[in-house]
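Scroll down for the structure; my scribbles are underneath it.
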Amino acid sequence: MNSNELPDFREMRALRDEFARFLLSYKFGSDEMLTKINILKEAFELTHDYSPIEHVSFRLKSADSIFEKARRRGIELSLVSIRKNILDIAGIRITCSFISDAYRLRDMLVRQEDVTVLETKDYIRNPKSNGYKSLHILLSVPVFTLDRVDQVPVELQIRTIAMDFWASLEHKIYYKYEGAVPERLIAELKDAADVADRLDRKMERLHEEVTDLQRTEKAHERRSNPQLSEELLEDFARAMRNPEPRP
Ligand code: 0O2
């Protein structure tokens with residue numbers, strides 16, 4: 001390597017390090033959100049023996065797709081401008097069992113004090129024309145680093161298993177045809193989205209029915225054996241007051 005090439009190489013390394021630091025703040029923001037989501041999941045499982053969250057995934061946009069989006073939108077190719085204008089660099093996708101869970105989860109997350117909602121796109125109530133459904137919430141969370149606090153934007157996509165199944169397949173087809181999907185496939189995909197929607201609604205109804213049944217059974221149990229729960233509570237209180245000595 002001659003002396004003329006050395007500064008370029010150093011410059012490139014500096015740029016690469018700067019970009020890695022830039023991305024790191026988005027990872028930290030996602031970590032904050034993922035912790036919140038995990039806490040809700042565990043708290044739910046403990047309290048209700050059930051969790052509305054089936055699956056959580058996270059991705060940072062690749063450098064290529066950040067620059068491609070910047071180019072497509074006419075955004076200046078500087079980190080300052082990208083930070084200001086591209087707000088879906090950090091993305092978290094939550095898959096829920098039921099449509100009502102998606103909204104319940106959204107409510108529980110956005111009411112947290114340190115979470116600021118920047119934008120909501122409700123593609124569940126207002127699906128895209130191709131049939132795409134999902135609840136998108138763009139929010140920001142504070143990230144405390146060595147010498148400052150950054151408000152980091154994170155895009156949340158909350159959807160049901162059926163919506164997720166459809167979107168994954170549609171995404172694959174879209175990429176396979178590089179955006180130029182044949183009309184027949186577009187129509188079939190829209191049809192499949194309607195089937196997925198009917199399945200979601202049916203599952204929601206069944207879920208409500210089972211929940212009502214469980215509630216009635218519990219109330220009946222309590223009525224037919226009122227002492228049982230009191231006795232159990234007394235036993236529990238006694239055990240808490242006088243824990244058995246360790247062997
Ligand atoms: P990836 O792979 O998730 O990173 P944009 O498309 O980002 O320029 P906008 O308004 O920011 O414009 O997009 P929007 O409507 O909020 O949706 C962005 C993301 O939602 C996409 O991210 C997809 O993940 C998902 N999405 C939106 N529409 C569709 C759709 O019709 N089909 C599927 N399968 N997914 C969709 P990215 O960055 O495109 O991709």
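The values are calculated or read from the model by the stated rules, or taken from the named source; none is laboratory data. For clarity, every value in this text was computed on a predicted model and none was experimentally measured. Using ideal geometry, Cβ is built from the backbone for each residue, glycine included, and neighbour counts are taken over all protein chains shown.
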Task: Count of the stretch 141-153 residues which are touching a residue at least 60 places away in the same chain (Cβ under 8 Å) and part of a loop (DSSP other than H, G, I, E, B) - done: 1
Open item on the list: Return the residues of the stretch 154-177 that are within 11 Å of the ligand (Cβ to nearest atom), buried (at least 17 other Cβ atoms within 10 Å of the Cβ) and either part of a loop (DSSP other than H, G, I, E, B) or of a type in the set (Gly, Ala, Ser) (or both); say none if nothing qualifies.
Closed with: Ala167
Task: Residue selected from the stretch 128-153 under the condition of a type outside the set (Ser, Thr, Tyr) and within 11 Å of the ligand (Cβ to nearest atom), by the criterion farthest from Arg198 (Cα to Cα) - done: Leu138
Open item on the list: Among the residues of the stretch 48-74, what is the count of those that are assigned to a loop (DSSP other than H, G, I, E, B), free of Cβ contacts under 8 Å to residues at least 12 places away in the same chain and within 10 Å of the ligand (Cβ to nearest atom)?
Closed with: 1
TODO: Find all pairs meeting these conditions: Cβ atoms under 8 angstrom apart; at least six residues apart or on different chains; first residue within the stretch 164-176 and farther than 15 Å from Leu199 by Cα; second residue modelled with pLDDT under 95 and within 8 Å of the ligand (Cβ to nearest atom).
DONE: Glu170/Asn130
Open item on the list: So for the stretch 78-85 (the condition being among the hydroxyl-bearing types (Ser, Thr, Tyr), in contact with a strand residue (DSSP E or B) (Cβ under 7 Å, 6 or more places away or on another chain) and in a loop (DSSP other than H, G, I, E, B)), does at least one residue qualify?
Closed with: no
Task: Candidates Phe28, Phe19, filtered to the one that is closer than 14 Å to Leu60 by Cα and at pLDDT 90 or above - done: Phe28
- [ ] Could you run through the stretch 178-198 and say how many residues are closer than 27 Å to Ile53 by Cα and either within 13 Å of the ligand (Cβ to nearest atom) or in contact with a Leu (Cβ under 9 Å, 6 or more places away or on another chain) (or both)?
- [x] 5
TODO: Would you point out which residue out of Leu105, Leu138 is farther than 13 Å from Lys36 by Cα and either outside any loop (DSSP other than H, G, I, E, B) or touching a strand residue (DSSP E or B) at 6+ places or on another chain (Cβ under 6 Å) (or both)?
DONE: Leu138
- [ ] Considering each residue of the stretch 84-127, count those that are surrounded by fewer than 13 Cβ atoms within 10 Å (Cβ to Cβ), under 25 Å from Ser65 (Cα atoms) and within 12 Å of the ligand (Cβ to nearest atom), and give that number.
- [x] 1
Task: Some residue of the stretch 122-130 being at pLDDT 95 or above and not in a loop (DSSP other than H, G, I, E, B) - done: yes
